[in-house]
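Scroll down for the structure; my scribbles are underneath it.
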Amino acid sequence: MLALLVAAIFPQYGECRPDFSAMQADTCMPGPGPAAFGKDSSLLEGTAVSMEEAVSSDDFMTIEKVQELTRENYPLVRQWGIIEKNKELELLKAEWGYLPSIVLSAQATYQTEVVEFPDIFTEMFDVDRLSKDQYAAQITFEQKIWDGGDARLKKQVAEASAEVRFRELEVNMYAVQEKVMELYFGVILIEEAMKQTDLFLDKLDANLERMNACYSQGIVSKMDLDKIKVSILEASQQKDELAATRKNLRNGLSLFTGMDMSETELRRPRQISVNSYENNFYRPEYALYDARYSLYENQIKQVDVRKIPHFSFFMSGAYGRPGYDMLDNSFRPYGILGFKMSWSISSFFYTKRVKRLMNYDMEHNIGMARDLFTFELDQKISESRSEIEKLSSMLEKDSRMLELRKSIRSSAEDMAAKGLMSVSEMLDNINDENQAALNKLIHEIELLKAVYGLKYTLNDK
């Protein structure tokens, strides 16, 4: 029974249970409408659920509140602040591009040769001979006048890069919500199964008491009583195993929320009719693809900036020997000021090819990823519709089968008490009724989970 319950909530695990006993939390725009809905979404009307309002007290929790706590506690959340700080730093570095550059330098050199003048020239004009040891201390000031828009584009790239990281984090956090949803419904299902097991044990205890009276009248044998006792022990054992699984799942919720969820009541979502979904809906993945497009576009613009000449004003003052006057070999101050243009002519030879490659990468990688995501999303929505339809149909039959099983079990109990049916046959009928009740319970929770999963897929708030 336990394997069936776990597989109902965690189909990806097969017959294995997820173990949260030693788990540690990992550091794990409207899109096109799903084609899977087509033009008619009436199938969803009246078969889906809506979660209760996200309210909580010290005594109970709703799934919305649990997911809200997860967003506040999950380790990835700390990256929001880191991304914002990195963005501020990159913007500051871009602004520094227009700040004046002030450089202080000094040098002392010895030359093997210097400019020499003929003796007659030095005698006529009293010109000093240049020294082979030369010295200079210099301070240079440079101010950009026009950088072709490079600083502005650096800011745009910094903002676009931060937006991509924000969107990636949002996608990761969105995926965490699905894990929390599975844990939440897992706890709901296990606890409902435990309640059903209690009812099953009550029936077995009542029949044991009844069969004890029949035993005193010689209608049943001691072996028949032992069979009922064995069934009681097996049911108790199953309940203990369910309790262990419940503890395991609640430990997982505690880790995700950062709160002790071991005894907190988890409210079962109400089942109500659901409105038809629109063909346009928001998924964080689409915002991520748009952010990546924007980043690529700004990076392509940066390539164009390389072809634009840059202009700046500079001024330099120095003290040393010799100065700009090569005829004076004494220590003295000197300086220079002017305008400067720099133009990378070589950029014309490779810019076009770089842009073509970047455009190809943007259209094929990002565009293909977006199309693939949309295709898989449409497929998932189609599967969810089919699952909701199947479970809704099964629940209708479950209710009828359970009523019939109750009637059969009641008749079997009466017949066994009169000695007209063996205790083994009676126990088979009690087990069949219990299994029918469990099947109905599983299908109810599966339907809740399927519709909430569809709400998650569509990001329906």
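Annotations
- Residue 83 meets all of the listed conditions (1) loosely packed, with under 11 Cβ neighbours inside 10 Å; (2) not assigned by TED's automatic domain parsing to the domain that holds residue 316 but one, namely (1).
- Pairs, first more than 18 Å from residue 111 (Cβ to Cβ) and surrounded by 14 or more Cβ atoms within 10 Å (Cβ to Cβ) in segment 130-153, second of a type in the set (Asp, Glu) and at pLDDT 85 or above, C-beta under 6 Å, six or more apart: none
- Restricting attention to segment 249-300, the residues being at pLDDT 85 or above, surrounded by fewer than 15 Cβ atoms within 10 Å (Cβ to Cβ) and small (Gly, Ala, Ser) number 2.
- Applying the condition of being buried (at least 16 other Cβ atoms within 10 Å of the Cβ) and of a type outside the set (A, V, I, L, M) to segment 216-234 and asking which residue is farthest from residue 253 (Cα to Cα) yields 224.
- Exclusive hit being part of a helix (DSSP H, G or I), within 24 Å of the chain's Cα centre (by Cα) and either surrounded by fewer than 20 Cβ atoms within 10 Å (Cβ to Cβ) or not assigned by TED's automatic domain parsing to the domain that holds residue 342 (or both), set 213, 206, 193, 158: 158
- Single residue of segment 114-127 satisfying the filter (surrounded by 14 or more Cβ atoms within 10 Å (Cβ to Cβ) and not in a helix (DSSP H, G or I)) that is modelled with the highest pLDDT: 114
- For segment 297-338, filtering for residues that are touching a helix residue (DSSP H, G or I) at 6+ places or on another chain (Cβ under 9 Å) and assigned to a loop (DSSP other than H, G, I, E, B) leaves 4.
- For residue 395: the one exception among (1) in contact with a His (Cβ under 6 Å, 6 or more places away or on another chain); (2) within 28 Å of residue 216 (Cβ to Cβ): (2)
The values are calculated or read from the model by the stated rules, or taken from the named source; none is laboratory data. What you are looking at is a predicted structure, and each value in this text was computed from that prediction instead of being measured. Positions of Cβ are generated from backbone atoms using ideal geometry, with glycine treated the same way; all protein chains shown enter the neighbour counts.
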